[in-house]
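Colleague: One structure, as structure tokens, below. Some questions next.
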Amino acid sequence: MNSTRRVGSTFIELLPEDSFLNKHFSITALVPLLVRWMMHWQGRRPDASAARLVQVLFGQSYSLLCAGMGPVLLAIGVADWLAIASPPKTSERTLASMLRDRTVFFDQALSVALVSVEQVVILGAGFDTRLYEYCRGRDLGLFEVDQIETQAVKKQALKQSGIDIGNVHFVTVNFADEDWMQGLISGGFNLGKRTFFLWEGVTYYLTKAEVEKGFALMNQVCGDGSAIAFDFFSEALVNDERTRLGTAVFNMIGEPLRFGLEVSKGVEAGLVDIIANTGLSLDKVQTIESWIGEKPEPAGRAASGLLSGNVLGGFATLKKDRKHKK
């Protein structure tokens, strides 16, 4: 993500001048926070830090948010297609439920990693609160890595909300720069230690080469027993003509989609391809295969396959161990 824009100008005009939402930061970083906030108030995923951050970020407009989202919270509890933050009614993961499902997937990946890792790094941290909810009181090296605009807003909001940041190190980088890992090392990251990297909501804003380079850099600096969790879109979703309106929106807010995973030979083959030269191995994969749970179209009608059960995106974990060292 190379630029940030203000949240919709019409909405901004209604906000107090000192509102955090008047500041420049990544719009796409706000959406996952709101999903976690909804899950918190539904009692599905307790996250007091997310609740406090949302209240501070919205300030005097928080009551308007609650008034507007109340009916939405009720609706997503009864309507399958509004699966943004509701509990899954089936085992199927859809594009509509992707933010909820990836939240659960990454929570579980972090929980498993905390048994053995020595460092936790949140790459493209946005308004993530996992370090304050799950890592507090642990003897760990903790790092949040992001662009300067979003990180500055978050640090101000954390201070105002009274959230104890403990020993979290904040590192400013641009993932499109080849030397972004050096920034993390300069920020106190210890080479060779077992590390859990969370790369949530970032890969599709980079080029394929930048994604591959990122995985290679992570492998180079962490120790055996480390893990990486990330999400991805498929090439079909990013480039299909039926998603042009959606991609146009990303372009408009200054965060264009640049990378989609090639899945024509299977999602695992596509993932193995992008880590082929890193020394990492594929651990777990969950895929998104429909928009809102629709049934696959007959083969003759699904020319490009987006509604025929093809992978639209998903989440995965990679691991580093001795037998896969290069």
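Colleague: Can you tell me how many residues within the range 91-134 are among the acidic types (D, E) and in contact with a Leu (Cβ under 7 Å, 6 or more places away or on another chain)?
Modeller: 1
Colleague: Only residues that are among the hydroxyl-bearing types (S, T, Y) and within 24 Å of N190 (Cβ to Cβ): list them for the range 206-235, please.
Modeller: Answer for the range 206-235, where residues must be among the hydroxyl-bearing types (S, T, Y) and within 24 Å of N190 (Cβ to Cβ): just S226.
Colleague: For the condition part of a strand (DSSP E or B) and touching a residue at least 24 places away in the same chain (Cβ under 8 Å), what is the one hit in F196, F215, F189?
Modeller: F196
Colleague: Further question: Across the range 245-297, what is the number of residues that are outside any helix (DSSP H, G or I), at pLDDT below 70 and either within 26 Å of A176 (Cβ to Cβ) or in contact with a helix residue (DSSP H, G or I) (Cβ under 6 Å, 6 or more places away or on another chain) (or both)?
Modeller: Residues meeting the conditions: 3.
Colleague: Right, another one. Please go through (1) modelled with pLDDT of 95 or more; (2) in a loop (DSSP other than H, G, I, E, B); (3) more than 24 Å from P46 (Cβ to Cβ) for V145 and return the number of the only condition it doesn't satisfy.
Modeller: (2)
Colleague: Scan the range 153-162 for residues that are closer than 21 Å to C135 by Cβ and either of a type in the set (V, I, T) or without any contact (Cβ under 8 Å) to a residue 24 or more places away in the chain (or both) and jot them down.
Modeller: K155, K159
Colleague: Also: Looking only at residues that are more than 12 Å from the chain's Cα centre (by Cα) and hydroxyl-bearing (S, T, Y) in the range 191-216, which one is surrounded by the fewest Cβ atoms within 10 Å (Cβ to Cβ)?
Modeller: That would be T207.
Colleague: Just to be sure, is N219 crowded, with 16+ Cβ neighbours inside 10 Å, on the phi < 0 side of the Ramachandran plot and modelled with pLDDT of 75 or more?
Modeller: yes
Colleague: A further question on this structure: Being in contact (Cβ under 8 Å) with a residue 12 or more places away in the chain, part of a helix (DSSP H, G or I) and among the β-branched types (V, I, T), is that true of even one residue in the range 163-171?
Modeller: No.
Colleague: Among the residues of the range 220-235, which ones are under 20 Å from the mean Cα position of the chain (by Cα) and assigned to a helix (DSSP H, G or I)?
Modeller: We begin by selecting, within the range 220-235, every residue under 20 Å from the mean Cα position of the chain (by Cα); these are 226-235.
E235 - this is the single residue of the range 220-235 that is under 20 Å from the mean Cα position of the chain (by Cα) and assigned to a helix (DSSP H, G or I).
Colleague: Within the range 111-150, which residues are surrounded by fewer than 22 Cβ atoms within 10 Å (Cβ to Cβ), under 22 Å from L57 (Cβ atoms) and touching a His at 6+ places or on another chain (Cβ under 9 Å)?
Modeller: Scanning the range 111-150 gives L142, E149.
The values are calculated or read from the model by the stated rules, or taken from the named source; none is laboratory data. This structure is a prediction, so every number in the text was calculated from the model and none was measured. Please note: Cβ atoms are built from the backbone with ideal geometry, for glycine as well, and neighbour counts cover all protein chains shown.
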